[in-house]
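Below is one structure, written out as structure tokens; the observations come after it.
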Amino acid sequence: MAKKAEPELPWFVIQKHDATRLHYDLRLEVDGVLKSWAVPRGPSLDPRDKRLAVQVEDHAFDYLDFEGVIGERQYGSGAVIVWDIGRYRNLSEADGEPVPLGDAIEAGHLKVWLEGVKVIGGFALTRTDDGAKPQWLLVKIRDQQADPDNDPVSARPESVLTGRTIEELAAETGR
Ligand code: MN
């Protein structure tokens with residue numbers, strides 16, 4: 001059997017969710033669960049933008065590629081599409097040493113490299129308010145992938161899995 005040069009990278013997903021308020025759920029696979037943030041305006045590739053990201057409850061890993069409609073009586077009811085998905089690399093460091101992502105989240109600052117379809121490159125998440133629903137800021141790192149002229153949130157609204165927009169999904173399912 002061939003030996004793997006390095007373990008497989010963990011997954012991330014960004015789900016577009018038409019709940020009470022439309023938002024984008026950024027989820028990072030960490031230690032078998034999906035650490036999750038609700039980002040009302042979605043990610044920006046412009047390093048000057050600071051996007052609010054409210055940390056929400058962890059989701060089960062199985063939710064990674066969920067696309068469909070959450071029933072009306074359930075929490076988060078509304079349509080969900082997989083807006084972007086891929087692997088990520090943890091770039092978090094402290095004093096020049098790598099920091100496991102779970103520890104970086106605890107400490108309130110992390111850096112990841114996202115290998116998505118629409119969103120590629122380095123992003124930083126920094127906690128700014130540690131309440132019941134901790135508030136973070138999601139910011140594009142200044143790297144080769146930074147691009148203020150490319151706004152995938154408006155230019156690429158469709159699911160990367162099925163090509164459907166969230167409106168098409170909702171219409172198909174009659175909600
Ligand atoms: Mn959500």
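Quick one: would you say Tyr75 is among the hydroxyl-bearing types (Ser, Thr, Tyr) and surrounded by fewer than 14 Cβ atoms within 10 Å (Cβ to Cβ)?
When the stated conditions are applied, Tyr75 passes them.
Charged (D, E, K, R), in contact with a Gly (Cβ under 9 Å, 6 or more places away or on another chain) and in a strand (DSSP E or B) - does that describe any residue in segment 135-143? Don't jump to the end; show me each part of the working.
Our first condition is that a residue be charged (D, E, K, R); within segment 135-143, this holds for 140, 142-143.
Retained after the next criterion (residues that are in contact with a Gly (Cβ under 9 Å, 6 or more places away or on another chain)): 140, 142-143.
Then drop every residue that is not in a strand (DSSP E or B), which leaves 140.
There is at least one residue in segment 135-143 that is charged (D, E, K, R), in contact with a Gly (Cβ under 9 Å, 6 or more places away or on another chain) and in a strand (DSSP E or B).
Would you call Gly122 exposed (fewer than 13 other Cβ atoms within 10 Å of the Cβ) and either free of Cβ contacts under 8 Å to residues at least 12 places away in the same chain or within 17 Å of Ile14 (Cβ to Cβ) (or both)? It would help to see each step written out before you state the result.
Details: exposed (fewer than 13 other Cβ atoms within 10 Å of the Cβ): no; either free of Cβ contacts under 8 Å to residues at least 12 places away in the same chain or within 17 Å of Ile14 (Cβ to Cβ) (or both): yes.
For Gly122, the condition - exposed (fewer than 13 other Cβ atoms within 10 Å of the Cβ) and either free of Cβ contacts under 8 Å to residues at least 12 places away in the same chain or within 17 Å of Ile14 (Cβ to Cβ) (or both) - is not met.
Is there any pair linking a residue in segment 55-67 that is under 22 Å from Pro134 (Cα atoms) to one that is in a loop (DSSP other than H, G, I, E, B) and not small (Gly, Ala, Ser), with Cβ under 8 Å and at least six apart or on different chains, and which?
Listed pairs, sorted by first residue: Gln55/Lys133; Gln55/Pro134; Val56/Lys133.
Go through (1) on the phi > 0 side of the Ramachandran plot; (2) more than 13 Å from the ligand (Cβ to nearest atom) one by one and return the number of the condition Val33 breaks.
Status for Val33: all satisfied but (1).
If you check Arg27 against the conditions, is it closer than 28 Å to Asp151 by Cβ, within 13 Å of the ligand (Cβ to nearest atom), among the basic types (Lys, Arg) and buried (at least 16 other Cβ atoms within 10 Å of the Cβ)?
Values: closer than 28 Å to Asp151 by Cβ: yes; within 13 Å of the ligand (Cβ to nearest atom): yes; among the basic types (Lys, Arg): yes; buried (at least 16 other Cβ atoms within 10 Å of the Cβ): yes.
Judged against the criteria, Arg27 is a match.
Can you tell me which residue within segment 66-82, out of those that are within 12 Å of the ligand (Cβ to nearest atom) and not in a strand (DSSP E or B), is nearest to Thr162 (Cα to Cα)? Walk me through how you get there before you give the answer.
Filtering segment 66-82 down to residues within 12 Å of the ligand (Cβ to nearest atom) leaves 66, 70, 74-81.
Imposing the further condition that a residue be not in a strand (DSSP E or B) reduces the set to 66, 74-77.
Working: Phe66: 12, Gln74: 24, Tyr75: 24, Gly76: 21, Ser77: 20 Å.
Once the filter is applied, the top-ranked residue is Phe66.
Any idea which of (1) part of a strand (DSSP E or B); (2) away from the ligand (no atom under 16 Å from the Cβ); (3) closer than 25 Å to Arg164 by Cα is the one Val112 doesn't satisfy?
Val112 satisfies all of (1) part of a strand (DSSP E or B); (2) away from the ligand (no atom under 16 Å from the Cβ); (3) closer than 25 Å to Arg164 by Cα except (3).
Could you please give the count of residues in segment 36-65 that are crowded, with 18+ Cβ neighbours inside 10 Å, part of a loop (DSSP other than H, G, I, E, B) and within 13 Å of the ligand (Cβ to nearest atom)?
1
Throughout, read-outs are computed from the coordinates displayed, never taken from laboratory work. Owing to the predicted nature of the structure, the values given are computational and were not obtained by experimental measurement. Cβ coordinates were reconstructed from backbone atoms using ideal geometry, including for glycine residues, and neighbour counts include every protein chain displayed.
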